[in-house]
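Just so it is clear, none of the values below were taken in a lab; they were calculated from the coordinates. Given the structure is predicted, the values throughout are model-derived calculations rather than measurements. When we count neighbours, we look across all protein chains shown, and the Cβ atoms used for this are built from the backbone with ideal geometry, even at glycine.
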Amino acid sequence: MLAILRHRTYRHLFLAQVIALVGTGLATVALGLLAYDIAGADAGAVLGFALAIKMVAYIGIAPIVGAYADRLPRKGLLVAADLLRAGVALFLPFVDAVWQVYVLIFVLQSASAAFTPTFQATIPEILPDEEEYTRALSLSRLAYDLESLLSPALAAALLTVMSFHWLFGGTAIGFVASALLVVTAALPHRAKVAKVAEGAWQKITRGTRIYLKTPRLLGLLAVTLAAAAGSAMVIVNTVVIVKGMGRAQEDVAMALAAYGGGSMLAALALPRLLGRLSERTVMIAGAAMLSALLLAFGAGTARNSGEIDWVILLCGWAVMGFAYAVCVTPAGRLLRRSSADTDRPALFAAQFALSHVCWLIAYPVAGQFGASFGMAAAFLLLSGIAAVGLLLGVRLWPTRDATEIFHAHPDLPPEHPHLLEFGTAEHRHAVVIDDLHTSWPGKG
């Protein structure tokens, strides 16, 4: 897997991603301490609202940036987003009111909503070979999991010698370093294509319209809902479950480490799995695992009056992490396969926004339902949500998912940009280029 780092451009972008992730991890710890410093016992409410702001920024800003990303210099957009995030991180230590935190978090997450989909859409162009791209996706998954383990430990070590305010400085340094690495990366030039006249709303919603007319991507969205149900239970309620057992704070980290370890195991296994099985088979299996595991935990917790055995929790969380990574890691392959170069930023932005709608559904269910009705009820309801995602995935994602679909546009003028791209009125591709056709099997 590490052999993929021999590609200089990808190596620079991957290091930029890792450094920015570490900076974000430090900011997460520092933000919690800042919220407590400002709001005291209401810090949880502050962080909860900040999380909601993050989701709103992701859902609202990503499609807008994706729509106009093809008109902006890609490197300049990535660097500007990094520098904006660094600037916000430098401002955060000086805030003294909750509303200031909310404003800066919105700006920070809006910059992330611009950076992340653009970054993700760039990697397929750098690594056109699907096998190499699969390794890159798995390596990216490993980076996310390692960051979730290492950043809290690094923050804890730094807090022994400095105030938490200085952690925001580390965050800013991370984003600046990420920007420098992007500057030194030789990004491929976008091909110039004829522009289709579109209104602002049509352009902003273009990626979403493409996404929702592509069957495999509807299946991806359904599987993402199942993934969100499982991960929300872990992220939101691990501390409640572990502390409810009367265990120490270190055991919370151990439970989350088990979840991350399962995810890393999946990342290591996926290149080989995807070499033998289709994405549909692998991802549907992951969604089924999540739904079944949540159901088993719910039934067991209800039967045992809310108690969970510690070893069972660790093993279950590890399997949950494995199933989650199986559901989400191959998404980039599907998005690349379902888009032309010119539409790729918009499509990645649509996936970024729509996937966070799934988390916006799952997080409140995990938190509020668990707090009001107990962990057994939260497990069972989230199992139901995961089952809905599983069934929709099976229904919407065609079993015979052709990579390319033959179709014709006899009514289009020869100078239409779509025909200019493919050369003839009759051609093959597997993407929804515009509203003139969809990629449903049997339709042209």
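By how many nm would the segment from Leu5 to Ile361 grow when fully extended, if each residue of separation counts as 0.36 nm and the alpha-carbon distance is taken off?
124.5 nm
Mind giving me the nanometre distance, one decimal, between the label points for Leu391 and Ala292, set 7 Å out from Cα along Cα→Cβ?
1.8 nm
Place a label point 7 angstrom from the Cα of Met245 along the Cα-to-Cβ direction, then list the residues of the stretch 293-315 whose backbone nitrogen is under 16 Å away.
Zone members listed by number: 297-298, 300-302, 304-315.
Give me a comma-separated list of calculated 3J(HN,Hα) values for the stretch 309-320, in order, Karplus coefficients 6.51, -1.76, 1.60 applied at θ = phi - 60°, integers in Hz, x for any Gly or Pro.
Per-residue couplings from phi come out as 5, 4, 5, 5, 4, 4, 5, x, 5, 5, 5, 4 Hz.
Taking the mean number of other Cβ atoms within 10 Å as a proxy for protection, how do you rank 50-59, 377-386 from highest to lowest?
377-386, 50-59
From the square roots a ≥ b ≥ c of the eigenvalues of the alpha-carbon gyration tensor of the stretch 1-190, which class results: rounded (a/c under 1.5), prolate (a/b over b/c), or oblate?
prolate
Going toward the positive end of the dipole of the stretch 1-190, with +1 on Lys and Arg Cβ and -1 on Asp and Glu Cβ, which of Pro188, Leu26, Ala121 do you reach last?
Pro188
Calculate the FRET efficiency for Val161 and Thr399 from the Cβ-Cβ distance with a Förster distance of 56 Å, rounded to the nearest 0.05.
0.45
For a quick protection proxy, order the peptides 274-285, 343-354 by their average other-Cβ count within 10 Å, most packed first.
343-354, 274-285
So if I take the centroid of the Cα atoms in the stretch 246-310 and the same for the stretch 9-29, what is the distance between those two points in Å?
The distance from the Cα centre of the stretch 246-310 to that of the stretch 9-29 comes to 25 Å.
Spelling out what I want: for every residue of the stretch 80-90, take phi, set θ = phi - 60°, compute 6.51 cos²θ - 1.76 cosθ + 1.60 (Karplus), and round to whole Hz; glycine and proline get x.
4, 5, 4, 5, 4, 5, 5, x, 5, 4, 6
Across the stretch 231-236, in residue order, what do the Karplus-derived ³J(HN,Hα) couplings come to in whole Hz, using 6.51 cos²θ - 1.76 cosθ + 1.60 with θ = phi - 60° and x for Gly and Pro?
5, 4, 4, 5, 5, 7
Arranged from highest to lowest average of other beta-carbon atoms within 10 Å per residue, in what order do the peptides 9-22, 219-232 appear?
The densest-packed peptide leads the list: 219-232, 9-22.
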